[in-house]
1. One residue is enough: does segment 121-129 have a residue meeting the conditions touching a Gly at 6+ places or on another chain (Cβ under 6 Å) and either within 30 Å of residue 27 (Cβ to Cβ) or not assigned by TED's automatic domain parsing to the domain that holds residue 35 (or both)?
2. Can you name the condition, by its number, that residue 83 falls short on among (1) of a type outside the set (A, V, I, L, M, F, W, C); (2) within 30 Å of residue 133 (Cα to Cα); (3) in contact with a Leu (Cβ under 8 Å, 6 or more places away or on another chain); (4) in a loop (DSSP other than H, G, I, E, B)?
3. Going by what's in this entry, would residue 109 be described as farther than 25 Å from residue 183 by Cβ and without any contact (Cβ under 8 Å) to a residue 12 or more places away in the chain?
4. Go through (1) within 16 Å of residue 140 (Cα to Cα); (2) surrounded by 16 or more Cβ atoms within 10 Å (Cβ to Cβ) one by one and return the number of the condition residue 87 breaks.
5. Give just the number: which of (1) touching a helix residue (DSSP H, G or I) at 6+ places or on another chain (Cβ under 8 Å); (2) within 16 Å of residue 80 (Cβ to Cβ); (3) crowded, with 20+ Cβ neighbours inside 10 Å; (4) touching a residue at least 40 places away in the same chain (Cβ under 8 Å) does residue 153 not satisfy?
6. Confirm whether residue 254 is without any contact (Cβ under 8 Å) to a residue 60 or more places away in the chain, over 22 Å from the mean Cα position of the chain (by Cα) and on the phi > 0 side of the Ramachandran plot.
7. Just need a number here: residues in segment 214-233 that are buried (at least 17 other Cβ atoms within 10 Å of the Cβ) and closer than 17 Å to residue 260 by Cβ.
Amino acid sequence: MDLEIRGVSKTYRNGVRALDGVSLTIPPGMYGLLGPNGAGKSTLMRTIATLQDPDEGSIRLGDIDVVAQKERTRALLGYLPQEFGLYPRVTAEALLTHFAVLEGISERGARRDAVESLLRQTNLWDQRTSKLGTFSGGMRQRFGIAVALLGDPKLVIVDEPTAGLDPVERVRFLNLLSALGQRAVVLLSTHIVEDVSDLCTRMAVIHEGRIILEADPLAAVEGVKGRIWQRTVTPDELQRIEEDLPVISTRLFAGKTIAHVFATSDPGPEFEAVQPDLKDVYFSAMKGLLGGGSP
């Protein structure tokens, strides 16, 4: 079943318009929602997760009206928020068993099997008797996914899941998410471009509450081929270049600043064309250089 979002808007009491007419069709599999902090990602995630209502618009999961049928939606939903609390003195097995009871898995044997299966899926079985207060950040995230997967959800929402993880834990966690995408709609909200590049077959870029790009990541990268150029610059040169050309990003390499610019033709003899990646697509979209839908 697809997740259909149509014209969703949300303005908070302080006047901040967090969502402004968001429309997306999200099919089964891994879908990335990419944007900077404050772009509206978490607001959209909470709205889809039935934690708040939109001011306008509709959300449907298959034949379910998410806004009007919250309980029916929650029965099919697994949600891992950006921040969540755990009882530090409780073991992983005991707390997951408690959540399984809350999920309605009342038969003891079925509950035991579900808990064991999820702890093995998340590579936490050997730590099942360890107290959650001893878990690393990556282990906590994997335990959060185990909780989210109770009841075999058809829609899984994960909000900034790899922020703060070390490289090894990040890879382990992304592999786990990839496996989930084989059997559910998995919506990954992040500001980390590599997470979307590594996992997702579809993506959207959100900025100031609006969708500014919706595309297949590989096709999006292909669409900016021949339009991304780079050169090494001094601070003074960078300032002059920015007056004439759309500089989409800068980075340091070996202590030197490398600028990427978006140009449909050769911007000058000191520039060289580069093989673009999803970061170039993202920064170009954020600069308003790509039209809606695809580059």
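1. Initial filter on segment 121-129 (touching a Gly at 6+ places or on another chain (Cβ under 6 Å)): none.
Checked segment 121-129: no residue is touching a Gly at 6+ places or on another chain (Cβ under 6 Å) and either within 30 Å of residue 27 (Cβ to Cβ) or not assigned by TED's automatic domain parsing to the domain that holds residue 35 (or both).
2. Among (1) of a type outside the set (A, V, I, L, M, F, W, C); (2) within 30 Å of residue 133 (Cα to Cα); (3) in contact with a Leu (Cβ under 8 Å, 6 or more places away or on another chain); (4) in a loop (DSSP other than H, G, I, E, B), residue 83 violates only (3).
3. no
4. The single condition residue 87 does not satisfy is (2).
5. If we test residue 153 against (1) touching a helix residue (DSSP H, G or I) at 6+ places or on another chain (Cβ under 8 Å); (2) within 16 Å of residue 80 (Cβ to Cβ); (3) crowded, with 20+ Cβ neighbours inside 10 Å; (4) touching a residue at least 40 places away in the same chain (Cβ under 8 Å), just (1) comes out false.
6. In short, yes.
7. In the first step, residues of segment 214-233 are kept if they are buried (at least 17 other Cβ atoms within 10 Å of the Cβ); the result is 214-215, 217, 220-221, 223-224, 227-231, 233.
Still in the running and closer than 17 Å to residue 260 by Cβ: 220-221, 223-224, 227-231, 233.
Residues flagged as buried (at least 17 other Cβ atoms within 10 Å of the Cβ) and closer than 17 Å to residue 260 by Cβ within segment 214-233 amount to 10.
So that you can scan it fast, the table gives a plain yes or no per residue for (1) β-branched (Val, Ile, Thr); (2) buried (at least 17 other Cβ atoms within 10 Å of the Cβ); (3) over 28 Å from residue 162 (Cα atoms):
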{"position": "184", "(1), (2), (3)": "no, yes, no"}
{"position": "204", "(1), (2), (3)": "no, yes, no"}
{"position": "243", "(1), (2), (3)": "no, no, yes"}
{"position": "253", "(1), (2), (3)": "no, no, no"}
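The values are calculated or read from the model by the stated rules, or taken from the named source; none is laboratory data. As the structure is a computational prediction, the values presented were derived from the model and not from experiment. All Cβ positions, even for glycine, are placed from backbone atoms using ideal geometry, and neighbour counts span all protein chains on display.
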